[in-house]
1. Heavy-atom accessible area of ASP410 with all protein chains present, probe 1.4 Å, nearest 10 Å²?
2. Heads up, I need the accessible area for MET207: 1.4 angstrom probe, whole protein in place, Å², nearest 10.
3. Could I have the simple spin-label model distance between GLU158 and ALA393, label points 7 Å from Cα toward Cβ, reported in nm to one decimal?
4. Full-extension gain between PHE118 and GLU282, please, as 0.36 nm times their residue separation minus the C-alpha to C-alpha distance.
5. Among the lysines, select those whose C-alpha is under 21 Å from the C-alpha of LYS152, and discard any that sit fewer than 8 residues away in the same chain.
6. Which distance in nm do the two modelled labels at GLU275 and ASP45 give, with both placed 7 Å along the Cα-to-Cβ direction?
7. Kindly provide the Kirkwood hydrodynamic radius of segment 152-262 in Å, to one decimal, from all pairs of distinct alpha carbon atoms.
8. So what does the Cα-only Debye profile of the chain read at q = 0.08, 0.11, 0.12 Å⁻¹, as log10 I(q)/I(0), no solvent term?
Amino acid sequence: MTPGQRRGYYLAAMRVFIVGAGEVGYHTAAALVREGHDLVVVEKDPAKAERIQSKLDVLPVTADACNPQVLRAHKVEDADLFFAVSNDDAVNLLSALTARKLGAARAVVRLSEAYHQFNPLLQGDPQLAPIFPERLVAEEILGLTKIQGAQKARFFAEGRLVLLQVRPSSGAGIYGQQLKHLEGPEGWILVGIRRGGALVVPRGDTMLQRGDILYAVGRTETMEDFLRSLKIEPHPVRRVVIGGGGQVGRALARMLVAEKIQVTIIQRSGSQAFELAAQLPEVLVLRGDATDTAIQREAGVPEADYFVAATQDDENNIFAALLARELGARETILLYHNPELRGLLHTVRVGLPISPRLVIAGTILRMVHRREIVSLDLVEEGDAEVVEFQVPAQARVLNKPLSEVHFPRDAIVGAVIRGEELFVPGGEFRFEPGDRALVFCLTEVLPALEKIFRSR
């Protein structure tokens, strides 16, 4: 029996330590608090510790997370999960190693520098898991370049199902009609709508409006059919310009080159530009400011399929993306780190915004849930989640039609996989043990969903 199982690792509530109360730590803590977990947040900066204490029901500890006396004093040996997600690689690595040695069941280490993947201290312990945020963000961007027209794409059920976030063309013939009267490609269902600042789970009498952003679930093999039904035409990607050659830009460039895509990087620092050119001989590296019109023209932005603003500076990324759109780049993607910018970015429609902290937090939260949950992803800054459940024997959803299961109002079953078959279930559908259900829900109803899919 593992320590996690001994302490109820698979129960709904767990004892979780989080090192670092920055944006990633705060966002992760906020999501876990909503689900009722017992949280200890260790933060050396008193201001950050005070902020998280004032807003969340957690135990803040203002101390050095690498100090074993501090961890012992707060019973780290009872921790089911220990997340080291500060902005300091050394602190994350040492605190996680210390926590594991003191008895924490599992530790997850956030690391920025790629060379840590070869660190022997991370080898040999299956309960010590490193995550590399910049690589995760680069993979997110790469996925968007492969599905043109989507603002987000997540795959489930071994890639057979996909969740797409899209903004339909204003010329799509879907507006002003109730959903129950609309017909789309077989196997697709609309599961969420963001309208202004509100996110809703649609019903049959919901009517779409221009400007709505849609979340839909369907068969991966018919993605292009679905996009075309919304008047979104995919285009091949041949050229990408990246503004910023930091960890994300560098990782993304390597991935794009492997896909045989032409890549240009604009890097402000001369020494870093020289280093990038040496490390990435297949990439054209230009020294300059990505917010400068002349340097964007030299980089070929007017002919680019994608311009990616990937610096650490939100203002710089916004201006660079706006300029790239003005110059004629087919699509723009920008990173933003300040959560307060989300509404503005969607209103201005400057491009496809990606929040690195949300990507990281989503990865972390997938490690928290019960074994009935096969996979999970955050949507809308964590306001909603899409969850893949495996239906166990004796689950509460069995032996009754779906219409009688009493699902929460803010949840909808998008699809069900049964062996090689895929269903978009109606009210008379009945689950069988072993089914895999993809459910879209607002975050606050996830605990209720877990109970429904849990074995009696």
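The values are calculated or read from the model by the stated rules, or taken from the named source; none is laboratory data. As the structure is a prediction and not an experimental result, all values here were calculated from the model. A quick note on method: Cβ atoms are made from the backbone with ideal geometry, for glycine too, and the neighbour counts reach across all protein chains shown. Just the protein is used for accessible areas: all its heavy atoms, side chains included, with ligands, DNA and RNA removed. Shrake-Rupley method; radii C 1.70, N 1.55, O 1.52, S 1.80 Å.
1. Roll a 1.4 Å probe over it and ASP410 shows about 50 Å².
2. 90 Å²
3. Distance between label points: 2.2 nm.
4. That pair, PHE118 and GLU282, stretches by 56.6 nm at full extension.
5. The reachable lysines, counting only those whose Cα sits under 21 Å from LYS152, are LYS231.
6. For the pair GLU275/ASP45, the computed spacing is 2.3 nm.
7. 16.0 Å
8. Here the Debye-derived log intensity ratios amount to -0.50, -0.96, -1.12.
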